[in-house]
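This report concerns only the one structure given below.
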Amino acid sequence: MDAQLERRIIEQLDRDEIWRVMQRYGRGLDRLDFALARSCYWDDAIEDHSHFVGTPDDFIRWADQNTLAFVSSQHALLNHSCELAGNDAYCETYYCFTGVAAQPPHFMSTGRYIDHFQKRGTEWRIANRVCIVEGKFDLPGSRLDDGGSPYTPEEPSPASRDRSDISYHRPPLPRRPR
């Protein structure tokens, strides 16, 4: 294989792995899946996240407690740039976080994750993060379903904040037409 093509393929694979870490991070926080969110960080990472500065373990516990104030939450990842420099990567990822409260107002936050990723061995993880919060908004009422009970093929729940969520089922089973 041509050396330039091989370099481009490796670079694309690295970018893809970094993007997968970002997606795993959002899913882990929204599903309150500590292990999944924690798998995104190296043990010696520092998370500088608005009112919190500390270790990944302490951050995820702090984030989970804040997220529990809502009946559902979503981390949407938007624009993403990634500058590769050997086993280091410098990324900026825009986000939009929404939290639906039991009663309005609901909450939305926008901002950017400024990340230093490192590849150690064959794995990319966050080495350090600065989260820049650029907007915080109260939102009026929502038409969110009441959430129901955990997923079963007979009566699925639209969302659950744990491993009973349909996204963990293999394969996900839709309801049957009546």
_Checking Tyr113 against (1) closer than 16 Å to Tyr25 by Cβ; (2) more than 16 Å from the chain's Cα centre (by Cα), the condition it does not meet_ = (2)
_In the range 73-94, residue surrounded by the most Cβ atoms within 10 Å (Cβ to Cβ) [restricted to those that are in contact with a His (Cβ under 9 Å, 6 or more places away or on another chain) and without any contact (Cβ under 8 Å) to a residue 24 or more places away in the chain]_ = Tyr94
_Name the residue that is surrounded by the fewest Cβ atoms within 10 Å (Cβ to Cβ), counting only residues in the range 26-47 that are under 12 Å from the mean Cα position of the chain (by Cα) and acidic (Asp, Glu)._
Asp33
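Filter the range 1-37 down to the residues that are aromatic (Phe, Trp, Tyr) and in contact with a Phe, Trp or Tyr (Cβ under 9 Å, 6 or more places away or on another chain) and list them by number.
Restricting attention to the range 1-37, the residues satisfying the condition of being aromatic (Phe, Trp, Tyr) are 19, 25, 34.
Tyr25 - this is the single residue of the range 1-37 that is aromatic (Phe, Trp, Tyr) and in contact with a Phe, Trp or Tyr (Cβ under 9 Å, 6 or more places away or on another chain).
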*Restricting attention to the range 14-62, and to residues there that are free of Cβ contacts under 8 Å to residues at least 40 places away in the same chain and small (Gly, Ala, Ser), which single residue is nearest to Glu83 (Cα to Cα)?*
Ala37
*asked:* Conditions first: (1) closer than 16 Å to Val130 by Cα; (2) surrounded by fewer than 16 Cβ atoms within 10 Å (Cβ to Cβ); (3) out of contact with any helix residue (DSSP H, G or I) (no Cβ under 6 Å at 6 or more places or on another chain). Gln23 passes all but one, so which condition is the exception?
replied: (1)
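Could you tell me which of the residues Ser39, Ser81 is under 26 Å from Leu13 (Cα atoms), small (Gly, Ala, Ser) and touching an Asp or Glu at 6+ places or on another chain (Cβ under 6 Å)? Step through it out loud before you land on a result.
Details: Ser39 fails: touching an Asp or Glu at 6+ places or on another chain (Cβ under 6 Å).
Just a single option satisfies the conditions, and that option is Ser81.
Under the condition of being basic (Lys, Arg) and more than 20 Å from Arg31 (Cβ to Cβ), which residue from the range 128-175 is modelled with the highest pLDDT? Lay out the reasoning, then the answer.
From the range 128-175, those basic (Lys, Arg) are 129, 136, 143, 161, 163, 170, 175; that's our starting set.
Filter once more, so that each one left must be more than 20 Å from Arg31 (Cβ to Cβ): 136, 143, 175.
Numbers: Lys136: 97, Arg143: 65, Arg175: 70.
Among them, the one singled out is Lys136.
When you scan the range 13-48, how many residues do you find that are among the aliphatic types (A, V, I, L, M) and assigned to a strand (DSSP E or B)? Lay out the reasoning, then the answer.
First, pick out the residues of the range 13-48 that are among the aliphatic types (A, V, I, L, M): 13, 18, 21-22, 29, 32, 35-37, 45-46.
Next, only the ones that are assigned to a strand (DSSP E or B) stay: 45-46.
Matching residues across the range 13-48 total 2.
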*Inside the range 49-105, counting only strands (runs of 3 or more DSSP E) that do not spill past its ends, which hold 3 or more residues that are closer than 17 Å to Phe117 by Cα?*
72-85, 88-100
*In the range 1-18, is there at least one residue being under 25 Å from Lys136 (Cα atoms) and of a type in the set (D, E, K, R)?*
no
*What number goes with the only condition from (1) surrounded by 15 or more Cβ atoms within 10 Å (Cβ to Cβ); (2) within 17 Å of Ser109 (Cα to Cα); (3) in contact with a Phe, Trp or Tyr (Cβ under 7 Å, 6 or more places away or on another chain); (4) not hydrophobic (A, V, I, L, M, F, W, C) that Thr67 does not pass?*
(3)
*Going by the conditions given, is Leu139 surrounded by 12 or more Cβ atoms within 10 Å (Cβ to Cβ), among the hydrophobic types (A, V, I, L, M, F, W, C) and within 29 Å of Ile9 (Cβ to Cβ)?*
no
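The values are calculated or read from the model by the stated rules, or taken from the named source; none is laboratory data. Quick caveat, the model's predicted, so the values are computed rather than measured. Here the Cβ is made from the backbone with ideal geometry for all residues, glycine too, and neighbour counts use every protein chain on show.
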